[in-house]
Amino acid sequence: MNTIEEHKKVFVSIRSDLLAEWEENNNEQWPKYGKAVMTMRGRVVRAPGNTYNVLKIIPLACGGPLTWFNIHPASWPEEIQAIHRPDGIWQKLFGKLFNR
């Protein structure tokens with residue numbers, strides 16, 4: 001993989017397969033939203049039945065592998081924003097790599 005953009009394109013093309021492999025290996029279904037998630041202005045950003053976001057445990061920017069064991073479900077906005085915020089876990093774990 002030469003760039004993060006290329007890595008993301010590959011991820012999009014294999015996302016369904018990765019989720020199926022994750023489900024098989026974890027013996028559970030990838031979570032889905034039970035109700036709509038809306039913005040403060042009332043716009044639906046996640047509809048009931050949409051799957052949770054895919055969190056890459058080792059981020060693509062750090063060369064994380066596109067494998068079932070490097071992904072984990074994360075709900076939006078609670079978990080995703082907590083992970084990605086400036087004082088979030090990724091900044092603590094990978095901040096030096098991102099801030100070069």
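From the list Arg41, Arg46, which residue is surrounded by 11 or more Cβ atoms within 10 Å (Cβ to Cβ) and either on the phi > 0 side of the Ramachandran plot or not hydrophobic (A, V, I, L, M, F, W, C) (or both)?
On the way: Arg41 fails: surrounded by 11 or more Cβ atoms within 10 Å (Cβ to Cβ).
Going through Arg41, Arg46 in turn, the sole match is Arg46.
Hey, could you check the stretch 13-50 for residues that are in a loop (DSSP other than H, G, I, E, B) and touching a residue at least 24 places away in the same chain (Cβ under 8 Å) and say which is farthest from Pro73 (Cα to Cα)? Break it down into steps so the answer makes sense when it comes.
As a first pass, look at the stretch 13-50 and keep what is in a loop (DSSP other than H, G, I, E, B): 27-31, 33-36, 39-43, 47-50.
Now narrow it down to the ones that are touching a residue at least 24 places away in the same chain (Cβ under 8 Å): 30-31, 33.
Working: Trp30: 7, Pro31: 7, Tyr33: 11 Å.
Per the stated criteria, the residue is Tyr33.
Each value in this text was obtained by applying a stated rule to the coordinates, not by laboratory testing. Just so we're clear, the structure is a prediction, and the values are computed from it rather than from any experiment. All Cβ positions, glycine included, derive from the backbone under ideal geometry; neighbour counts span all protein chains shown.
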